[in-house]
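Colleague: There's a structure below that I have some questions on.
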Amino acid sequence: MFTRIGRMILLVKDYEEALSFYVGKLGFQKIFDQTVSDELRYVHVALPGQEDVGLWMLKAGTGEKSLVGRQAGDEPLFVLYTDDCQKTYETLRQCEVEFLYEPEDSEGDVHVHFKDVYGNQIVIVELKP
């Protein structure tokens, strides 16, 4: 039926602020940026090598502004996988990324939660072999 997932919508207050965080701090790359009108701009970011999966940033309209940073309520918005959770944690801490706690080692993984520029929770996971 389906062959893959594409983009997830990320509501933002400001495109440049969001790009600074996701590209500048997290290492995403901007893969598409088109301004259609004064009120409409399409900005897509993805992890290098995974351009078919990513985030479609949309500036929140008047009625959506309260959803910025709360799209998933109190739950994580998405998960990012890494080969070394501790190293990723240390690198992002140096970039002043706000973490909710230190990396936790569990039976099947090492994980940690952090907040993006708007307060959305994101999980970093290192799966154990």
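The values are calculated or read from the model by the stated rules, or taken from the named source; none is laboratory data. Treat the numbers as computed from the prediction; the structure is a model and nothing was measured. Cβ atoms come from the backbone with ideal geometry, glycine included; neighbour counts cover every protein chain shown.
Colleague: Condition (residue is under 24 Å from residue 129 (Cα atoms) and free of Cβ contacts under 8 Å to residues at least 12 places away in the same chain) applied to the range 34-50: is it met by at least one residue?
Modeller: Scanning the range 34-50, I find at least one residue that is under 24 Å from residue 129 (Cα atoms) and free of Cβ contacts under 8 Å to residues at least 12 places away in the same chain, so the answer is yes.
Colleague: Before we move on, is residue 28 in contact with a Phe, Trp or Tyr (Cβ under 7 Å, 6 or more places away or on another chain) and either under 23 Å from residue 115 (Cα atoms) or at pLDDT 95 or above (or both)?
Modeller: For residue 28, the condition - in contact with a Phe, Trp or Tyr (Cβ under 7 Å, 6 or more places away or on another chain) and either under 23 Å from residue 115 (Cα atoms) or at pLDDT 95 or above (or both) - is met.
Residues checked against (1) modelled with pLDDT of 95 or more; (2) assigned by TED's automatic domain parsing to the domain that holds residue 16; (3) of a type in the set (A, V, I, L, M); (4) surrounded by fewer than 13 Cβ atoms within 10 Å (Cβ to Cβ):
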{"site": "56", "(1), (2), (3), (4)": "yes, yes, no, no"}
{"site": "93", "(1), (2), (3), (4)": "yes, no, no, no"}
{"site": "112", "(1), (2), (3), (4)": "yes, no, yes, no"}
{"site": "122", "(1), (2), (3), (4)": "yes, no, yes, no"}
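Colleague: Hey, another quick one. Just checking, how many residues over the range 90-119 are without any contact (Cβ under 8 Å) to a residue 12 or more places away in the chain and part of a strand (DSSP E or B)?
Modeller: The qualifying residues number 2.
Colleague: Looking for whichever is under 18 Å from residue 119 (Cα atoms), in contact with a strand residue (DSSP E or B) (Cβ under 7 Å, 6 or more places away or on another chain) and assigned to a strand (DSSP E or B) here; the options are 58, 19. Which one fits?
Modeller: Checking each option against the conditions leaves just 58.
Colleague: Residue 97 fails exactly one of the following numbered conditions: (1) surrounded by 12 or more Cβ atoms within 10 Å (Cβ to Cβ); (2) outside the structural domain of residue 126 (by TED's automatic domain parsing); (3) touching a Lys or Arg at 6+ places or on another chain (Cβ under 7 Å). What is the number of that condition?
Modeller: Of everything listed in (1) surrounded by 12 or more Cβ atoms within 10 Å (Cβ to Cβ); (2) outside the structural domain of residue 126 (by TED's automatic domain parsing); (3) touching a Lys or Arg at 6+ places or on another chain (Cβ under 7 Å), residue 97 misses just condition (2).
Residue-wise test of (1) outside the structural domain of residue 9 (by TED's automatic domain parsing); (2) in contact with a strand residue (DSSP E or B) (Cβ under 8 Å, 6 or more places away or on another chain).
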| position | (1), (2) |
| --- | --- |
| 24 | no, no |
| 27 | no, no |
| 32 | no, yes |
| 47 | no, yes |
| 67 | yes, yes |
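Colleague: Those residues that are acidic (Asp, Glu) and within 19 Å of residue 57 (Cα to Cα), I need them from the range 70-118; list them, please.
Modeller: Residues of the range 70-118 acidic (Asp, Glu): 74-75, 83-84, 90, 96, 98, 102, 104-105, 107, 109, 116.
Residue satisfying the conditions is 116 alone.
Colleague: Please tell me if residue 62 is of a type in the set (Ser, Thr, Tyr), over 17 Å from residue 10 (Cβ atoms) and surrounded by 11 or more Cβ atoms within 10 Å (Cβ to Cβ).
Modeller: no
Colleague: I'd like the residue in the range 1-22 that is among the β-branched types (Val, Ile, Thr) and within 13 Å of the chain's Cα centre (by Cα) and, out of all such residues, is surrounded by the most Cβ atoms within 10 Å (Cβ to Cβ).
Modeller: Here the residue is 12.
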